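The structure under discussion appears below in the form of structure tokens.
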Amino acid sequence: MPIDLALRHCQALRADPAFARWDTSDYIPLQALPVARGVAWATVLNQIDAAPPSQEVVDTLKSTLHRPQAPLIAVLGPAFIGQTSAMRRLAWQLAAPPPQWLPILVDLSRYAAQTSGPRRLVATIAEAAGTYVPELTEVVADLLVRATPTPLRLVIILDGLEAVQLELRADLIRELRQLVSDRRLATQRYILSCRPEAMPSALEEVAQRLLLQYLSGREVLAYVRQRRGSLAQANTRFAQILEAHLLDLAALPPLLADMLRRLEGRYAEGLSRNQLLQDGLESQIAALPAHLKRGDAARQSLIALAWEMSWQPDEALDLQRVFALLNRVRGERNYSLEELYDQLCSVGILHDVDRRHSGFQRPGQRAYCAALALMQHADPMADLEDVLPQCGAAERHERWAAVLVHVVGMAAQPADLLYPIRRSALQSNNGLYMLLLAHTLQALPRGRFEALAPTTRGALLDACAAWADPAREPSAMRRAQIAAALGCLPDPTSVRALLRLATERMRPAVGQRLDYEYTSVRLEAALGLRNLMLFRPPTHPAGAEIWANQDARMLAVLRAWVAAGAGDQASLRQQSGDVTLPIEVRMLALIALADLATTTHDLFFLLRMIVAVSPLANPGDHAALARTAADALILADAPRVATLLAALLRRDPRLATEAVGQLIYLAGRVRLRDPRSVAWLVQQLITQPDPVIKAKALRSLAWIVADTPGDPALGPALLAAAMAIGRGLRSNLNLPAPLAALSLHHLPADDAGWLYLRRTALEALRWLAQGADLSALAAEAPSWPLDLRRALGDKS
């Protein structure tokens, strides 16, 4: 490939405003979770306390491109999360002089326009390559077909697989797999961007996957602070988002950008959820020809389609039914239904799922239009009897919960919706309803939450707070989501519940002596307290009641956290180490310090809290602080924590059992790959007598090995150990090195610790199995306790 053509391409791409704008503050950083080959992506998403550290997606992609074992990287993210923006930022940065890569961004919606044939994908790529330099079209096609030698390496970014109709995807996937597997093209790299449900199973085994995450409240605040420059101004802007009950919508970068534009403009005061969503829909409808907007035809057509699509399992509707609904809305008008449908597709509202079905491009827009449809019914609240049961089924919850979250903002009497949700939760003992209640409370428009009668508000919040207890809700993810919602609801009940969740001592999960670890719940609760202090401080007219009767020293910690200055970090270090303060205050200070930590000094301080010698007077308090410090370090930069932890373990310090357990857990969460540290973990698995410590070591090693295999013998040995322990073997394990010395014969068969170890081993198989035959285990599972069957994956 001529170097001058590549240079001209890169220069033109860098000059294109469509790419250059995403290397400015317009770009909102997206976090991605890496998923190793063979590990189900649902395992990572559904086990938030086991997930690897998230990483900024563009930086991760750039580092992954250099790995020879990763020619194909799949970037999977929900609709409207900003994938295309991230892909354009990546292309712009890769094109920086002197370019090591030649980035080619391919819009896969162009695939259908190419002539069908065995090289249809190559033709699509070549067409995109010639966007700026037409001569590159033939050069790139020749390279991909004939593998012409070239000193430059291509990065082919295939954006938007879901835009390709289902009937056409099989050929595209087959051709892409051929390109990835062609050894003559081993130096070329491919990035596929799509929604998780569109990821082809045929590519799972050859792709390195990155799962894009919705923005957390913590990431929203970090972006606002980076964008505003002034800490005080950024806090004010974030408080406005909280005040308007829009933090959940801010999880989508395009909506966050729209919010900030409005809040920085002249009409920020009345910003509401419905206004934001309605304006977004109207801006797309405004692009339609005038005759299709007349009489509200387009909008009413979308409302009718959304309601019917919401009842479909895949949110897609047969085209014949689509046109029947469009015709019903048209009535006596004479505009073309085909034209209306094509125009709704061209402005990005609808799309062809395949040749026979249509759907909304954005699930959130479908939910909003379905909510409008429900509110147009003669008796919307009566229709709840049909809709509410849908929210209690896991496979339909997300689809219908999104509708009701919008409905609560439209209802004249929100309590008419909130009370039936609460009643459904209590009658069915189904946590999905309580999660829905928390989200609908969070979505109430500005002032509507405070306008609820105090007894009503208290009863609803009490129900949510009670459900955030592990005795009621076993799912840590749901409890963390409830805690996050409470952090947006200014009420004394929210403060009390969040304080309990953030600083509660560990309680038994199995038997009388085993602890559960729900890091995410604790951290979300603490961050929720930070949010409440940020937009409802005691000095706020409506804030005094919220913080009444709370410890002044606790409030001082929260104020320092919100202020977030260098002096405040020093204050948090002092409060964390002050033995005269209540233990709950010190625990919260540790979490606040980890959230703000920018220096090695702060991180090392937190590590020292784990390994410090326990005072004889109060070992229980010391254990609580050590656990909190380990949890808190999950908020810090994982590579820096891993570096410090590896340095600590290389010194082979004398550690108390509690410290050993916390360091093992932390090593797994930050995916500590240092060989000496991994050897230390193996040693703990073999030599520690406590089955709880053994379980933690096995789990952390499984996380690390699944993420980045190191010692080729360790993975198979861990798999063999997990299978043997999962089956209940305590002797004659016959494990390969380096676990040959592992012995469990000293553990009684009826010991709660042994059950915990077995359960952990079965859960570890999700990370270790990677295609291994588990049929023998599955055959034995029916005779196991329910806890163990669920750990293996049996949902009975």
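The values are calculated or read from the model by the stated rules, or taken from the named source; none is laboratory data. Just so we're clear, the structure is a prediction, and the values are computed from it rather than from any experiment. Every residue, glycine among them, receives a Cβ derived from its backbone with ideal geometry; neighbour counts consider all protein chains shown.
Could you check region 139-155 and list, in sequence order, the residues that are part of a helix (DSSP H, G or I) and either closer than 17 Å to Trp101 by Cα or in contact with a helix residue (DSSP H, G or I) (Cβ under 7 Å, 6 or more places away or on another chain) (or both)?
Passing the criteria: Val139, Val140, Ala141, Leu143, Leu144, Val145.
When Thr600 is evaluated against the numbered criteria (1) surrounded by fewer than 21 Cβ atoms within 10 Å (Cβ to Cβ); (2) free of Cβ contacts under 8 Å to residues at least 40 places away in the same chain; (3) not assigned by TED's automatic domain parsing to the domain that holds Leu461, which criterion, by number, is the only one it fails?
The single condition Thr600 does not satisfy is (2).
Can you run down the residue pairs with Cβ atoms below 7 Å, 6 or more apart or on separate chains, where the first is in region 223-241 and over 14 Å from Ile28 (Cβ atoms) and the partner is crowded, with 19+ Cβ neighbours inside 10 Å and aromatic (Phe, Trp, Tyr)?
As it stands, the answer is Ala239/Phe535, since those pairs meet every condition given.
Which one of these is assigned to a loop (DSSP other than H, G, I, E, B) and aromatic (Phe, Trp, Tyr): Tyr341, Tyr335?
Only one candidate qualifies: Tyr335.
State all residues of region 264-274 that are surrounded by fewer than 20 Cβ atoms within 10 Å (Cβ to Cβ) and under 26 Å from the mean Cα position of the chain (by Cα); if no residue qualifies, say none.
Ser272, Asn274
It is to be established whether one or more residues within region 49-64 are surrounded by fewer than 18 Cβ atoms within 10 Å (Cβ to Cβ), small (Gly, Ala, Ser) and under 24 Å from Leu154 (Cα atoms).
Yes, region 49-64 contains a residue that is surrounded by fewer than 18 Cβ atoms within 10 Å (Cβ to Cβ), small (Gly, Ala, Ser) and under 24 Å from Leu154 (Cα atoms).
When only residues in region 375-389 that are at pLDDT below 90 and either under 16 Å from Ala415 (Cα atoms) or among the aromatic types (Phe, Trp, Tyr) (or both) count, which is surrounded by the fewest Cβ atoms within 10 Å (Cβ to Cβ)?
Asp379
Mind counting the residues in region 173-212 that are of a type in the set (Ser, Thr, Tyr), assigned to a helix (DSSP H, G or I) and under 20 Å from Ile104 (Cβ atoms)?
The total comes to 1.
How many residues does region 254-266 contain that are in contact (Cβ under 8 Å) with a residue 40 or more places away in the chain and farther than 21 Å from Thr440 by Cα?
2
Residues to consider are Val220, Val224; find the one that is of a type outside the set (Lys, Arg), over 29 Å from Pro709 (Cα atoms), touching a Lys or Arg at 6+ places or on another chain (Cβ under 7 Å) and assigned to a helix (DSSP H, G or I).
So the residue among Val220, Val224 that is of a type outside the set (Lys, Arg), over 29 Å from Pro709 (Cα atoms), touching a Lys or Arg at 6+ places or on another chain (Cβ under 7 Å) and assigned to a helix (DSSP H, G or I) is Val224.
Looking only at region 241-249, decide whether some residue is in contact with a His (Cβ under 9 Å, 6 or more places away or on another chain) and either surrounded by fewer than 19 Cβ atoms within 10 Å (Cβ to Cβ) or not assigned by TED's automatic domain parsing to the domain that holds Leu302 (or both).
Yes, because at least one residue in region 241-249 is in contact with a His (Cβ under 9 Å, 6 or more places away or on another chain) and either surrounded by fewer than 19 Cβ atoms within 10 Å (Cβ to Cβ) or not assigned by TED's automatic domain parsing to the domain that holds Leu302 (or both).
Results for (1) surrounded by 14 or more Cβ atoms within 10 Å (Cβ to Cβ); (2) more than 30 Å from Gln208 (Cβ to Cβ), shown as yes or no for each residue.
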{"position": "Ala717", "(1), (2)": "yes, no"}
{"position": "Arg727", "(1), (2)": "yes, yes"}
{"position": "Ala761", "(1), (2)": "yes, no"}
{"position": "Leu768", "(1), (2)": "yes, no"}
{"position": "Gly771", "(1), (2)": "no, no"}
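Can you tell me which residues in region 372-401 are in contact (Cβ under 8 Å) with a residue 12 or more places away in the chain and within 15 Å of Ile303 (Cβ to Cβ)?
Leu372, Ala373, Leu374, Met375, Gln376, Pro380
Any residue in region 272-289 that's without any contact (Cβ under 8 Å) to a residue 60 or more places away in the chain and not assigned by TED's automatic domain parsing to the domain that holds Asp248: show its pairings with residues that are outside any helix (DSSP H, G or I) and surrounded by 15 or more Cβ atoms within 10 Å (Cβ to Cβ) at Cβ separation under 8 Å, as long as the two are six or more apart or on different chains.
Leu276/Leu246; Leu288/Val347
Restricting the first residue to region 409-426 and requiring it to be assigned by TED's automatic domain parsing to the domain that holds Leu444, which pairs with a second residue that is part of a helix (DSSP H, G or I) and among the aromatic types (Phe, Trp, Tyr) meet a Cβ separation below 6 Å and a spacing of at least six or different chains?
Pairs that qualify, where the first residue is assigned by TED's automatic domain parsing to the domain that holds Leu444 and the partner is part of a helix (DSSP H, G or I) and among the aromatic types (Phe, Trp, Tyr), are Ile421/Tyr433; Ser424/Tyr433; Ala425/Tyr433.
Is it true that some residue in region 72-88 is closer than 20 Å to Cys194 by Cβ, basic (Lys, Arg) and surrounded by fewer than 20 Cβ atoms within 10 Å (Cβ to Cβ)?
No, region 72-88 contains no residue that is closer than 20 Å to Cys194 by Cβ, basic (Lys, Arg) and surrounded by fewer than 20 Cβ atoms within 10 Å (Cβ to Cβ).
What number goes with the only condition from (1) modelled with pLDDT under 95; (2) under 30 Å from Leu108 (Cα atoms); (3) among the aromatic types (Phe, Trp, Tyr) that Tyr267 does not pass?
All conditions pass for Tyr267, except number (2).
Could you grab me the full set of residues in region 89-110 that are touching an Asp or Glu at 6+ places or on another chain (Cβ under 7 Å) and crowded, with 20+ Cβ neighbours inside 10 Å?
Arg89, Trp92, Leu105, Val106, Leu108
List, please: which pairs have Cβ atoms under 8 Å, are six or more places apart or on different chains, and start with a residue in region 572-590 that is in contact (Cβ under 8 Å) with a residue 60 or more places away in the chain and closer than 20 Å to Leu501 by Cβ and end with one that is surrounded by fewer than 20 Cβ atoms within 10 Å (Cβ to Cβ) and of a type in the set (Ser, Thr, Tyr)?
Listed by first residue and then by second, the contacts come to nothing, as the list is empty.
For region 689-727, give me each residue that is outside any helix (DSSP H, G or I) and over 21 Å from Asp49 (Cβ atoms).
Pro689, Pro709, Gly710, Asp711, Pro712, Ala713
How do the helices (runs of 4 or more DSSP H) wholly within region 252-323 filter down when requiring 2 or more residues that are of a type in the set (Gly, Ala, Ser): which remain?
Passing ranges, in order: 273-285, 297-310.
Return a yes/no flag: does region 617-634 have any residue that is assigned to a loop (DSSP other than H, G, I, E, B), at pLDDT below 95 and in contact with a helix residue (DSSP H, G or I) (Cβ under 9 Å, 6 or more places away or on another chain).
Yes, some residue in region 617-634 is assigned to a loop (DSSP other than H, G, I, E, B), at pLDDT below 95 and in contact with a helix residue (DSSP H, G or I) (Cβ under 9 Å, 6 or more places away or on another chain).
Which of the residues spanning region 730-744 are surrounded by fewer than 16 Cβ atoms within 10 Å (Cβ to Cβ) and either more than 18 Å from Gln688 (Cα to Cα) or modelled with pLDDT of 90 or more (or both)?
Result: Asn732, Asn734, Pro736, Ala737, Ala740, Ala741, Ser743.
Of all residues being within 29 Å of the chain's Cα centre (by Cα) and more than 18 Å from Val557 (Cα to Cα) in region 604-623, which is surrounded by the fewest Cβ atoms within 10 Å (Cβ to Cβ)? Just the residue, please.
Only one residue tops the list, namely Phe604.
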